[in-house]
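What follows draws every value from the coordinates through simple rules; no lab data is involved. Here the structure is a predicted model, which means the values were calculated and not measured. Heads up, the Cβs are rebuilt from the backbone with ideal geometry, glycines too, and the neighbour counts pull from every protein chain shown.
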């Protein structure tokens, strides 16, 4: 096909066609991406955005795919994966410049070796920096947004902007990147001087806590639902009898009720069926509608999920 030949010749990075998205998500679930491109630098990215505009292709941007569920029917148009082409990290005293494709764990490990802390809460959180900032990743009391000095973003027309903290409109598990046609390129983050031993203690404590409470031994996408304002999603799911519910090979974890795991051959529809059942049980028993934290990507049939009125 002409369009395939054109896009392959366009960039230095890699391009795949009908690429199974199960290979690019932590859930190990997802149908084919019509076109998956991994740009090697900003120039590649600009060319891809221009190409998509010219060919009228819808654009989907992903990072490490650790917080998404891709439809069994896959993704139409162009999927841009921000990965090794955006993996630069630099330090200057307590500031770090890091690109969107840098794995979050790599960034904070490199910082800790320089006796730089402040990100201990993020030890054990999977994914790349771009996705972490887009969803304002963190814990119940600490968020990555509190560490951002500024960042560069690019719109779908190829124009680059310098964003300060307030430009992101951060909230709990939210930033403007989730709604606007913008892609994070890089960010400058603030660390703080700390003894390495203190950072190491916090790291071990946080990772141990995650391993004890969360089912990271099986493919999953982290927390499925956001925590409601006055309680924990995992708690109300457990109290509503959701632990151990199963559709196909998708299971609500016995270890933590806010995690859905893939037992081997789960489909996206299996996961959606579980999400719907969990929402209904919590609504009937707690009069509470749980909102999704994971991002649904692609076209889904028969979603019928509950949504809170804005």
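Computed values, structure above
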| read-out | value |
| --- | --- |
| By average C-beta atoms within 10 angstrom, highest first, the peptides 25-32, 57-64 | 25-32, 57-64 |
| Estimated [θ] at 222 nm from DSSP helical runs (n ≥ 4, -39500 (n - 2.57)) normalised by residues in the chain, nearest 500 | -8500 deg cm²/dmol |
| Estimated inter-spin distance, residue 159 and residue 56, nm [label 7 Å along Cα→Cβ] | 2.4 nm |
| Estimated D of the stretch 87-199 in µm² per second, where Rh is the Kirkwood radius over Cα pairs and Stokes-Einstein applies at 10 °C, 1.306 mPa s | 113 µm²/s |
| Cα gyration tensor, the stretch 215-297 - rounded (a/c under 1.5), prolate or oblate | prolate |
| Sequence-separation-based contact order of the stretch 2-84, relative, with Cα cut under 8 Å and 6+ spacing, percent | 35 percent |
| Mean separation of Cα contacts under 8 Å, 6 or more apart, over the residue count of the stretch 215-297: relative contact order % | 35 percent |
| Packing-based ranking, highest mean first, of 79-85, 194-200 given that Cβ atoms within 10 Å are counted | 79-85, 194-200 |
| Translational D in µm²/s for the chain (Stokes-Einstein at 25 °C, 0.890 mPa s, Kirkwood Rh from C-alpha pairs) | 121 µm²/s |
| Gain in span if fully extended, residue 40 to residue 254, counting 0.36 nm per residue against the direct Cα distance | 72.9 nm |
| Over the stretch 139-178, relative contact order from alpha-carbon pairs under 8 Å, at least 6 apart, % | 28 percent |
